[in-house]
Structures are given as structure tokens and as C-alpha cells.
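One structure below.
The values are calculated or read from the model by the stated rules, or taken from the named source; none is laboratory data. This structure is a prediction, so every number in the text was calculated from the model and none was measured. A quick note on method: Cβ atoms are made from the backbone with ideal geometry, for glycine too, and the neighbour counts reach across all protein chains shown.
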Amino acid sequence: MTAAARPTRSEPGGRRSDRLLAAARVGVSVPLMATAPNAPPAASAGSTAYEVHDTSVLIKPYKRFVWGPMLHVLPDGASANTLTVVGTVLCQTALWSAILLPHDRFTCALIAALSFAYMCLDNLDGAQARRTGTSSPLGEFLDHWLDSFNSTAQFLTGAVTWHVLDLRGAAMVALAGVAFNATFWEQRVTGRVHFAWLGNVEGLTLATLLYAAGAVFGHDAMLRTPIAAGQPLPVLFVWLSIATCLVTAFGAVVRVRREWREFAILSAPFLALIAWVAWGDPPVLAAALIVLPLTAASGGRAIVGRVTRRPEVGPARWLLALVLVAVLACLAVRPPASTQAVVAWALVCVALAETVFDFARAMRALSPYVRDGELLAWVVPRG
């Protein structure tokens, strides 16, 4: 992952690849367990520097046995930003494979491979940027802003693949958006990001192993075999994900201890989407898809403001209000399911349009950082 200003780390050095990976691991995580409460000083306005507190249990083994060796074979000409973009393509391909393909052994194997490759690229891009001296605000923007899509897409991929695209799946995806917003709300207010001992890497690893098990034992067999409380392993993983997203959001609130009104505004439309699925009749896939661009338009816009040094850039409040009002109106009026479907898919389109605008605006400001030979150089005019 690429960042404009590297965080302060307490982790000891070692091999050069380990030190690069340690310094570069800056990004969002949906921790499975919250870290201890803290009340750090607020970050200065307009500053892009922040600290990362990371106690992940799998990072060190991955760095030593997987990402470190990969970093050694990456050529200097491999652009870190290109790694970030390719990782996003792989993550979104996994999602749409789950949506469009039949759920069989092949699809499970494909999603497992795509998810693992995405996780590796998501943790190599910053180390590669540091190794080649190409860290930039553009890299931080791409890494963290695209995570607003990717972090929620990972949960939606699981919900679709394991046939829990119902209230449980919608709640998991929406709460993933709340957790993402909580992470960057905390970063904006305190200048710190927290990674718990079971976090994003651990969650992706477990999800990948689950998909791999579906490829080996069969998708249907995974859903028919109860493991605990009469529930199959994929469903238990969904419940665990819901719980950990709640812990993540609550942990951020406890550590920040101020500006709760802003977090409430950010969270309200996501919670309304859960209520819509529970008591309304929208297409669940559309309701869940709204979360991806809505997360980018809320927590993701904090990233835009930071990397462009425009602290006045806040969440797209008009979009948050539109989603909230539309959902509450559907719950109050109870229109036919067909009407609710139109509303849901219209919200998907409007939210996507807003995020495209945000991306274009950020890229105009950051285009001077686009380097020759990068994938982005083919589509973004140089500033």
C-alpha cells in the first residue's frame, strides 16, 4: 500500500523486505477484535501524516514467507500504483464472478485465487513504492479510496457465494461500510489507525480458505454440513463478520470519544439500508450494492480531502440524505416490490455517479504524480 507520509512504527527491523513491508502497511482494516481504548491528540488540519498501531498475528509470517520473497522478484519498473489498480480489478472480478457464475467448485476455486492475489497485491504495493522511492499522495489516494469499494466488496462476495444474500448478508455488508467509515473517521480526528490482532489480513485469509474448501469438498456440501449450533461454516463466518464489524465501529467510538455527531451522520444511511431489507421489500443485491459507492462517498471522501490537502472536503451529505430519505419513505409508504426495486437500483446509479465524480476530481488534482509507464498514464492526462 502506498502512502504520502509513512506512519510511525514500533516494529523492529530485519531483512530489508520486512522493513519495507512493515513501513508500507498503511490501509483500512475491519478488525476481528478491537484494540484497547486510547485518546491520542488530534491530527493537524491538512496533514497527511498519521500513525498505525498494528498487532496482526499473520502479518509477520506473510512478510517472511510470502510477501518478502515476492518483493524480491518484483522488478523496479513495476509501478506500485499499477499493483493497487490490478488488485482492485481482481477484487471486483471476484465479486462479479460470485454474482454471475454458477456456484460450483470452479467458481469457489476462482474466487479463492482472486481473493488471495488481491490480498497479496494490497500488501505489496506500498512496499514496492517505498523500495522504488515512488510513494506519493496519488498512491495513498488509490490505495485507501479503492479500499472503500474493496473492503465492502469482499463481504458482498461472501454473502453471494454462500447464499446468505438476505438480512444477514445485507447487515454484514452495511456494517462493513460503517466499520470502514469508523476507521477513517478515527484517523481524521486522532491521526491514528488501529489494526487489531485479528484484522483484515486474517479475515481475508479465512475467507480464502473457506472458498478453497468449497473447491475441494463442494459448494453445496459446505452449506449442508452443520458445524456448530446447527449452522454450516459459511453462515458462522457471516455471523462472526457481523460481530467484528460492530466491534470495530464501537472500538473507534470508544477511542475517539468526541465528534460522535459526525459518525452518527455517516452511519445513519447504512443502518437504514439494513432496516429496509428487514421490513421492506427491496432487491437485496441492489441494497447491498448501494453500500459500495456510498462508503466511497462518505469515508472515502475523507481520504480525498486528506491527500489533496483540502480538509473542507467532507462526506457527500446530499447523497447520505438522499439514501436515508428514500429508504425511510419506502418503509413508511410501503410501495410495491417493483417500485422499491426501481428506487434501489436508481440509488445504486446515483451513488456510482457521485463516486465517479469524486474520483475524477481527485485525479485532476493528483495527476502530476502519475508516472510514465503506469497503467494510469494511459487513461489520466498528465497535470
task = Give the residue, chosen from Arg364, Arg371, that is in a helix (DSSP H, G or I), within 26 Å of Thr308 (Cβ to Cβ) and not small (Gly, Ala, Ser).
result = Arg364
request  = Look at Thr244 and say whether it is in contact (Cβ under 8 Å) with a residue 24 or more places away in the chain, within 19 Å of the chain's Cα centre (by Cα) and under 24 Å from Leu324 (Cα atoms).
outcome  = no
inquiry  = Given the criteria in a helix (DSSP H, G or I) and among the hydrophobic types (A, V, I, L, M, F, W, C), does Ala127 qualify?
reply    = yes
key: Complete set of residues in segment 140-192 that are of a type in the set (Lys, Arg), more than 26 Å from Met222 (Cβ to Cβ) and in a helix (DSSP H, G or I)   = Arg188
First in segment 76-101 and more than 19 Å from His144 (Cβ to Cβ), second anywhere and modelled with pLDDT under 95 and part of a helix (DSSP H, G or I), Cβ under 6 Å, 6 or more apart = Asp76/Thr132
request  = Taking the options Arg301, Arg309, Arg364, Arg334, name whichever one is exposed (fewer than 15 other Cβ atoms within 10 Å of the Cβ) and within 22 Å of Thr183 (Cα to Cα).
outcome  = Arg309
query = Filtering segment 73-83 down to residues that are in a helix (DSSP H, G or I) and out of contact with any Lys or Arg (no Cβ under 9 Å at 6 or more places or on another chain), which residue is modelled with the lowest pLDDT?
reply = Val73
request  = Filter segment 257-276 down to the residues that are crowded, with 24+ Cβ neighbours inside 10 Å and aliphatic (A, V, I, L, M), then identify the one that is modelled with the lowest pLDDT.
outcome  = Leu266
task = Pairs only if they're at least six apart or on different chains, beta carbon under 7 angstrom, first in segment 316-332 and assigned to a helix (DSSP H, G or I), second modelled with pLDDT of 95 or more and surrounded by fewer than 13 Cβ atoms within 10 Å (Cβ to Cβ); list them, first residue then second.
result = Leu331/Trp279
inquiry  = Looking at (1) in contact with a Cys (Cβ under 8 Å, 6 or more places away or on another chain); (2) without any contact (Cβ under 8 Å) to a residue 12 or more places away in the chain, which one does Trp276 not meet, given that it meets all the others?
reply    = (2)
query = Quick one: which of Gly314, Gly299 is at pLDDT below 95 and within 21 Å of Leu95 (Cβ to Cβ)?
reply = Gly299
